[in-house]
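Throughout, read-outs are computed from the coordinates displayed, never taken from laboratory work. Fair warning: this is a prediction, and the values are worked out from it, not measured in the lab. All Cβ positions, glycine included, derive from the backbone under ideal geometry; neighbour counts span all protein chains shown.
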Amino acid sequence: MLDSPSPHPVSTLDQIARGHELAMDVLENLRDEVNSNPPLISPAFTISDAAALVSRSASAIRLAEAEGRLPPQARTEVGQRQRYTLKDLDHMREVFGTRPWRKSGDEPAIIACQNFKGGVGKSTLTVHLSQYLAIRGYRVLVIDADAQASTTMNYGHVPDVDIGEDETLYAALRLVTPRPLSTVIRKTHYHNLDLIPANLQLYNAEYEIAATLRELQTAGFTRLARALEPIKANYDVIILDPPPALGMISLSVLYAANALIIPTPPSMNDFASTAAFLSMLHTTMSTLAEHPDAIVPNYNFIHMVVAKADARNATHKSNTDLIEGVFGRMVLESHISLSAEFEHASSEMRSVFDPRHTTMNHSVRNRCLTMLNRLGKEIESKIRKTWPSASSEQ
């Protein structure tokens, strides 16, 4: 804890430095505690769950194993099949021809999860949507573009301890000796799910991009879009988590994206914030569009997600009705409800999809997973409708 008052005055800077030092000690201890447990692992699945995820029957999996098209699954000490990993499922989809990957002529979905205000569930949506899509066999890249780095934390990293100066998006956006984005991509504990983490160094990018605008006009805003070009062909979906303000990095994200999802809690403050976000986004893009070198974003879809909603709260219900009444089809049918499971997961630097090593309320977690899967399926459908190769599904 911070030192108690002393007869000798302590400077403001010393107090701030001491507070930061103590806070980082807590975060490092949390990281060490998490690392003392078995490492983060992705979910594993029974044969019936695996069959549903690879769009084949359990008997088809057993037959493929018997015929040698799939390796025989290892058994437990009591003779039961061990659960299938995401890597196992990816191999099954390859053998059965059921991988959901986009075809080469389809553009990857580049989704910005954005709003004007913090605390709206932006990072929660980013983390869980990315993992939902990875579980279903897509190749996914998550880019944490927020210096607060909540998404990075949920992938098990303490941002300013585990993540170095040259290991974030800043390395690609900086003006002096920028590095390719490919050099800061790191694997996660989910098969086919990669991460570009964040830390406080990203604040530097805000100033550096701003410094380019006078001479380069909108070229500063397109730095991220250009940095994505060499790597985007490796993914089906790229999800960007920008800062909760319409600054330089946020505008860079909005320029790089081809789809936009806006999490909106059902409170009047958040409704007003969302209205302000849309207004400022429209004004900013209209102004930038007047420049001769402008590139105006064109989104394949724009949707809102009612987030952090409490179904038992009459005000939340009323405000949800208001949001749906005002924005109509822009609002997704599935919501992100308030759940203690999100807090439990965050306190352990993981997601709800990650298996836990501590005791838990199974019914609460299962309800949360059902909600996340419902929302993920709805967004997955929106993504696939943007791919010409999937047009036969519509």
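Packing, as the average of other Cβ atoms within 10 Å across residues, places the peptides 114-124, 51-61 in the order 114-124, 51-61, highest first.
Arranged from highest to lowest average of other beta-carbon atoms within 10 Å per residue, in what order do the peptides 197-208, 130-141, 333-344, 68-79 appear? Show your work: numbers first, answer last.
On the way: 197-208: 19.8, 130-141: 24.1, 333-344: 17.5, 68-79: 9.8.
Listed from highest to lowest mean packing, they are 130-141, 197-208, 333-344, 68-79.
Each principal axis of region 64-153 carries a Cα extent, and these read 55, 40, 16 Å when sorted largest first. Helix content alone sets the calculated 222 nm mean residue ellipticity of the chain: runs of n ≥ 4 DSSP H residues at -39500 (n - 2.57) each, divided across all residues, give -14000 deg cm²/dmol.
Candidate values [x] 0.95; [y] 0.99; [z] 1.01 were compared with Rg/Rh (Cα atoms, Kirkwood Rh) computed on the shown model; the agreeing label is [y]. Each residue, Asp49 and Leu200, gets one label point 7 Å from its Cα in the Cβ direction; the gap between the two is 4.0 nm. Working ranking of peptides 312-320, 91-99 by packing, defined as the average number of other Cβ atoms within 10 Å per residue, highest first, is 91-99, 312-320.
Residues whose amide H comes within less than 5 Å of that of Val142, counting only those at least five positions distant or on another chain, are Asp194, Leu195, Ile196, Ile239 (H built at 1.01 Å from N in the peptide plane).
For the chain, complete DSSP H runs whose alpha carbons reach 24 Å or more along their own long axis and whose mean Kyte-Doolittle score is -1.0 or higher are 12-36, 268-289, 362-384.
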